[in-house]
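Remarks on the structure that follows.
Every number here is computed from the coordinates shown, using simple stated rules; none is lab data. All values reported here derive from a predicted model rather than from experimental measurement. FYI the Cβ positions are ideal-geometry reconstructions off the backbone, even for glycines, and counts take in every protein chain you see.
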Amino acid sequence: MADPHRYNRFQPLKTVIFFCIFITLAPHSITNAGSAVAELNLPAISIIIDDLGYTYKRDMRVANLAAPVTCAILPHTPYGVMVAEQAHRRNKEILLHQPMQANDNWDDLGPGAVNLDMNSAQFQQVIRDNLDSIPYVTGMNNHMGSLLTRHPGHMSWLMEILEQREDLFLIDSFTTSASVVGQIANEYWIPNIRRDIFLDNVRTIEHISAQFDKLLATARQNGYALAIGHPYPQTIAVLENLLPKLTEKGYHVVPVSTLLKIKNRKIKTWRAFLSP
């Protein structure tokens, strides 16, 4: 008869062996910084700066930040293409910052917005046009969307577009706790991750710095964390001050695509640990 305690007794040894194999065989297809995080298990953070494309000087300041922050650009904006090109030259990832209907004030979302009144053909054509309007796009996150992101049908239309492209990932800006973005994305096998921290819902240096501390605490606890901010002067000043200091504190700032890979590896690792 099998020993019912056999699994518990050998679990620590299994964990050590699996970890050694995981470290040895982990692929090196991600960036050097991302690879170091994945192999050494250092806390990793990603920062997305939203609402780019309307103000040249401010947006270029974001594109030129030393760290690999991710630039989320609104579609059909005056400077969107130029910002994307400069950010790409600076080795930053580019997202389409897709306007979606909110609970209120959705008429002010600007060009390229999608809403509940659209049918699937209209909705998907707008998304395609928006993706084509910005070069070097590797993914998408929602601008506003506190209403639309809670509707499974419309989110399924979105996933169909991303599924067709095959090379895009999705970030849930998580503007409502009722969002179904992650659930529907998982059903379509679209790589996705949810925002942890908003940096600048209050536009003061003190508040943004405190939110940045929360970002680091979340990364320490979970191994990774994702923040979203905006190109406010206060936000850019905090980032210019704090980002250069993170490496010496043991953190890595990585592109969002790398954070997705870290998240997926952690999920696979825990599933392996829990398997008998």
Next item on the list: Work out, step by step, the length gained on full extension between Y56 and Q164: first 0.36 nm times the residue separation, then minus their alpha carbon distance; give nm to one decimal.
Entry: 35.6 nm
Notebook entry, point to check: How large is ³J(HN,Hα), in whole Hz, for each residue of the range 133-145 in order, when computed from phi with the Karplus curve 6.51 cos²θ - 1.76 cosθ + 1.60 and θ = phi - 60°, using x for Gly and Pro?
Noted result: 7, 10, x, 6, 5, 10, x, 8, 9, 8, 9, 6, x
Note to self: What distance in nm lies between label points placed 7 Å from Cα along the C-beta direction at N241 and E206?
What the structure shows: 1.3
Notebook entry, point to check: Computed from the mean reciprocal separation of all distinct C-alpha pairs, what Kirkwood hydrodynamic radius does the range 191-238 have, in Å?
Noted result: 11.0
Check: Using a simple spin-label model with points 7 Å from Cα along the Cα→Cβ vector, what separation in nm is obtained for R194 and S120?
Finding: 2.7
Notebook entry, point to check: What is the extension gain from N222 to R128, computed as 0.36 nm multiplied by their sequence separation minus the C-alpha to C-alpha distance, in nm to one decimal?
Noted result: 30.4 nm
Next item on the list: Filter the cross-link list K92/K245; K92/K249; K57/K263 down to pairs whose alpha-carbon distance in this structure exceeds 28 Å.
Entry: K57/K263
